[in-house]
1. Of all residues being among the hydroxyl-bearing types (Ser, Thr, Tyr) and buried (at least 21 other Cβ atoms within 10 Å of the Cβ) in the stretch 162-178, which is farthest from LEU145 (Cα to Cα)? Just the residue, please.
2. Is there a residue being charged (D, E, K, R), out of contact with any helix residue (DSSP H, G or I) (no Cβ under 8 Å at 6 or more places or on another chain) and at pLDDT 95 or above anywhere in the stretch 277-284?
3. State yes or no: is TYR133 of a type in the set (Phe, Trp, Tyr) and part of a helix (DSSP H, G or I)?
4. Given the criterion touching a strand residue (DSSP E or B) at 6+ places or on another chain (Cβ under 6 Å) and within 23 Å of PHE245 (Cα to Cα), identify the matching residue among LEU145, LEU111, LEU185, LEU167.
5. Does HIS159 meet the test of being over 17 Å from the mean Cα position of the chain (by Cα) and either assigned by the TED database to the domain that holds LEU341 or open to solvent by less than 40 Å² (accessible area, probe 1.4 Å) (or both)?
6. Going through THR149, THR138 one at a time, which residue ends up being over 28 Å from ASN268 (Cα atoms), in contact (Cβ under 8 Å) with a residue 60 or more places away in the chain and open to solvent by 20 Å² or more (accessible area, probe 1.4 Å)?
7. Take the residues of the stretch 82-133 that are of a type in the set (Phe, Trp, Tyr) and modelled with pLDDT under 95: which is surrounded by the most Cβ atoms within 10 Å (Cβ to Cβ)?
8. Any residue at all in the stretch 310-321 that is closer than 30 Å to ALA212 by Cβ, surrounded by 15 or more Cβ atoms within 10 Å (Cβ to Cβ) and not small (Gly, Ala, Ser)?
Amino acid sequence: RHRGAMDWQVLTRELSLYLESQVRVGLLGSGVGLSLVLGFGVAYACYYLSSIAKKPQLVASNDRFCRFLEEYCPVVTETYYPTIWCWEGRVQTLLRPFITSRPQVQYRNELIKTADGGQISLDWFDNNDSLYYPDASTRPTVLLLPGLTGTSKESYILHMIHQSKTLGYRCVVFNNRGTAGEELLTPRTYCAANTEDLEAVIHHIHSLHPSAPFTAAGVSMGGMLLLNYLGKTGRDTPLMAAAIFSAGWNVFESVESLEKPLNWLLFNYYLTTCLQSSISRHRQMLEKLFDMDLVMKARTVREFDKQFTSVMFGYPTIDDYYEDASPCRKLKSVGIPVLCLNSVDDVFSPGHAIPVETAKQNANIALVLTSYGGHIGFLEGIWPRKCTYMDRVFKQFVQAVFEHGNKIFNV
């Protein structure tokens, strides 16, 4: 049976045993309280199974791609059972960084130079002990792109590497400029629209291992950046395929959602302070071009982007930047198979902004939309310390691409 169903059976059995052994006195001892508890439990179970636990919506215009996913990545067609006590999107988003484990990963760091005189930090997990692919020259490689202020230390990145390790693959984490402890050599950081650094990283990795199968996975802003790169390059990329998780499809809709009072309190203000913290260490370099006092006064992501990001990359207005950064505008041009996982209750990427109709116009695109899961949440199981639904989608898809990818090429 599906693991979620098994978890539900375990929970029900444990609850029954607990009630039998502990509920003996007072109101519960009379049987009235016990009936109320059991009645509530049954009602909640019915609500959960009928309204919360659902199969994701698979959106793909290409029947061949659909059949490929159904056969080799079946998790996208199975019922997703969110953690029963924290299925709501905001709760899942907030809890994942604290609940999920952090697998131990030993990286090899590499700094590469860029054409403008800057440097990029890459963290390699070489997996030299791979039993399935002992030859490093042909060992499949997965490029991982973290979120807005994320690095190779994020728990979701560590879990992706752990999944890749079991399959024998090599991983490379692309840390955006200035985020992983390295110095800024020029007054430039990064944004979701500018793909120059990503292009340099992909070219560098491919040049080192030209015979190795190569794919990529991007999370949140990393997914947006990867989509914008793929929309720009079409088929002209060494990547075989890509996986995208919790991408913000329309930046205008994302910032509007994050500026709602509760979302601002829970996410927007904190994310803005994280952005400010990520550049404060480079203040001496950045003060050459920016009024850093003004940048540090920002209280929303939109204000930060208006004073800093859009100015850095030469956009006339913040609207020009947000339009260029929105992957929904480039989806039609993607030329390789791409699987995109989103939850429709993600406040960072609201469900109504997911480009379902546009995705149907490109045979290379498959959207997997869950009803719950939040932003990089997708927690499942009673105590979701380890593997999430997102991790399982990642593992099955990259394995399907590397081992059976010929069945979806040139779709």
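1. Looking at the filtered set, the residue picked out is TYR169.
2. Within the stretch 277-284 (the criterion being charged (D, E, K, R), out of contact with any helix residue (DSSP H, G or I) (no Cβ under 8 Å at 6 or more places or on another chain) and at pLDDT 95 or above), the answer is no, since none of the residues qualifies.
3. No, not satisfied.
4. LEU145
5. no
6. Residue meeting the stated conditions: THR138.
7. TRP87
8. no
The values are calculated or read from the model by the stated rules, or taken from the named source; none is laboratory data. Predicted model, so just to flag it, every value in this text is computed and none were measured. For neighbour counting, all protein chains shown are included, and Cβ atoms are generated from backbone atoms with ideal geometry for every residue, glycine included. Just so you know, the surface numbers come from the protein's heavy atoms only, side chains and all, with ligands and any DNA or RNA stripped out. Shrake-Rupley method; radii C 1.70, N 1.55, O 1.52, S 1.80 Å.
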